[in-house]
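For reference, the structure is listed below as structure tokens.
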Amino acid sequence: MIYFDNSATTKPYAAALETYTKVATHYFANPSSLHKFGQKVRDLHEEARKQVAALMSVRSEDIVFTSGGTESNNLAIKGIARAYQNRGKHILTSKIEHPSVSNVMKELEEEGFQVTYLPVTKSGQVRMEDVKEALREDTILISIMHVNNEVGSIQPIAEIGELLKERELPFFHVDNVQGFAKKELVLSQIDAMSISGHKLHGLRGTGILYKKSTVKLHPEILGGGQEFGLRSGTENTAGIVALAKAMRLSLEDFEKKSSELTALRDYLLEQLEKLDGVTVHTDALHSAPHIICFSAKNHRGEVLVHALEEKEVFVSTTSACSSRAKLESSTLHAMGVPGNQATGAIRVSLSYDNTKAEAEQFIYFLKEILQKINEVVK
């Protein structure tokens, strides 16, 4: 099996699974319970928070555990918007955000907020001049992803942070679900950031929202007041401890294997660009090292996905979160990609475990599939 769908989800580290099983088996008490068993679980929970904070070089009280990237994005965006709406009701975002951001923006617009959707270049990047032009006195939030989940384009996060550093508002939120342990990101000029556990070889149902202590959030889930009153509900301590382990291991992979991952991505891009009728939508100079997006002329994306599946090669049609709907990619549309290409796009997403041999096999199968389909069409 060749698994090239790591932006949809990753295979959990064996060590993360082992950690989860150990904690879930032996430390299953409610961390809010007053007895010593519950307090032991509470200690494990808070130790995981300290470990995560240390890995990110931030304060432990700035780490909020969530169920994943979607919840983190919702909490950050709606939390800031509703907490600061008396200061302004204008928000900036881009046209290529994940649905967990773009759909939240639509909901806020229904509540009376004004949202400016920034365009992107043909490489899928926000332009700083557009950010500067769109900023208003009543702008309270900018939410821009670090790495796009469909084409891998990297956004000018550092430049936006530098632009905002002398301003009290707006706050700056970054969806870093696809960027963590793939591209370095300095947090000093970011006010909030979202991370998903299952995108970095942790378990599903785990995530993190980093937020500076200066940022107030309106909570979205009310109840017993867990996670500093921002995310009520009995904590998933086993998953959180496993997430801390997975974060450490993924950062170690980043330090040791990032050049290998880039080389693998570059090999695939080189081979794809040689194929007749194939258009590559990922710009190697402005993208992360693990995502490639391409289209094959006159071929629908789902047809290629299933043809590759028969060869035990697993890829996806752009975002896994919206692939079943068979919709034109909003990211590719924003990049100016024609509709027939946008609906037929394929995403290949790599992990540090993928190999050159797998990449070579993928190219071989893809050539074979395209040749057969072209013969049928003729």
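The values are calculated or read from the model by the stated rules, or taken from the named source; none is laboratory data. Nothing here was measured: the structure is a model prediction, and the numbers come from that model. Don't worry about glycine lacking a Cβ; one is built from the backbone with ideal geometry, like all the others, and counts go over all protein chains shown. Ligands, DNA and RNA are stripped out before the accessible areas are found, and what is left, the full protein with its side chains, is counted by its heavy atoms. Shrake-Rupley method; radii C 1.70, N 1.55, O 1.52, S 1.80 Å.
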- [ ] Select from region 308-319 the residues that are at pLDDT 95 or above and crowded, with 17+ Cβ neighbours inside 10 Å and list them in ascending order.
- [x] Leu308, Val313, Val315, Ser316
Open item on the list: Just the residues that are open to solvent by less than 40 Å² (accessible area, probe 1.4 Å), of a type outside the set (A, V, I, L, M, F, W, C), under 21 Å from Ile96 (Cβ atoms) and part of a loop (DSSP other than H, G, I, E, B), please, taken from region 271-299.
Closed with: His281, Thr282, Pro289, His290
Open item on the list: Every residue in region 37-58 that is outside any helix (DSSP H, G or I) and surrounded by 14 or more Cβ atoms within 10 Å (Cβ to Cβ), please.
Closed with: Val58
- [ ] Mind listing just one residue for me: the one in region 219-231 that is outside any strand (DSSP E or B) and hydrophobic (A, V, I, L, M, F, W, C) and, of those, nearest to the chain's Cα centre (by Cα)?
- [x] Leu230
- [ ] Name the single residue, out of those in region 196-217 being more than 17 Å from the chain's Cα centre (by Cα) and either closer than 24 Å to Asp353 by Cα or modelled with pLDDT of 95 or more (or both), that is most open to solvent (accessible area, probe 1.4 Å).
- [x] Lys216
Task: Qualifying positions in region 4-21 - assigned to a helix (DSSP H, G or I) and either farther than 13 Å from Lys245 by Cα or among the polar types (S, T, N, Q) (or both) - done: Thr19, Thr21
Open item on the list: Restricting to region 114-144, name every residue that is within 15 Å of Phe171 (Cα to Cα) and small (Gly, Ala, Ser).
Closed with: Ala134, Ser143
Open item on the list: Given the criteria outside any helix (DSSP H, G or I), open to solvent by less than 10 Å² (accessible area, probe 1.4 Å) and modelled with pLDDT of 95 or more, does Leu108 qualify?
Closed with: no
Task: Residue that is nearest to Leu249 (Cα to Cα) [pool: residues in region 320-340 that are at pLDDT 85 or above and in contact with a strand residue (DSSP E or B) (Cβ under 7 Å, 6 or more places away or on another chain)] - done: Leu332
Task: Residue, most open to solvent (accessible area, probe 1.4 Å), within region 61-74, restricted to residues that are in contact with a His (Cβ under 9 Å, 6 or more places away or on another chain) and within 21 Å of Lys106 (Cβ to Cβ) - done: Thr70
Open item on the list: Here's a check for you: in region 23-36, which residue that is without any contact (Cβ under 8 Å) to a residue 40 or more places away in the chain and part of a helix (DSSP H, G or I) is most open to solvent (accessible area, probe 1.4 Å)?
Closed with: Lys36
TODO: Scan region 135-163 for residues that are open to solvent by 10 Å² or more (accessible area, probe 1.4 Å) and within 21 Å of Arg82 (Cα to Cα) and report the count.
DONE: 4
Open item on the list: Taking the conditions exactly as written (closer than 29 Å to Tyr352 by Cα and out of contact with any strand residue (DSSP E or B) (no Cβ under 6 Å at 6 or more places or on another chain)), does Asn236 satisfy them or not?
Closed with: yes
Task: Filter result for the condition that a residue is of a type in the set (Val, Ile, Thr), on the phi < 0 side of the Ramachandran plot and open to solvent by less than 10 Å² (accessible area, probe 1.4 Å), over Ile2, Ile77 - done: Ile77
Open item on the list: Only one of Leu249, Leu268 is open to solvent by 10 Å² or more (accessible area, probe 1.4 Å), at pLDDT 95 or above, in a helix (DSSP H, G or I) and in contact with a helix residue (DSSP H, G or I) (Cβ under 7 Å, 6 or more places away or on another chain). Can you tell me which?
Closed with: Leu249
- [ ] Only residues in region 200-218 that are without any contact (Cβ under 8 Å) to a residue 40 or more places away in the chain and outside any strand (DSSP E or B) count as the first member; pair them with residues that are open to solvent by less than 70 Å² (accessible area, probe 1.4 Å) and not aliphatic (A, V, I, L, M), Cβ under 8 angstrom, at least 6 apart or cross-chain, and list the lot.
- [x] Thr214/Asp191
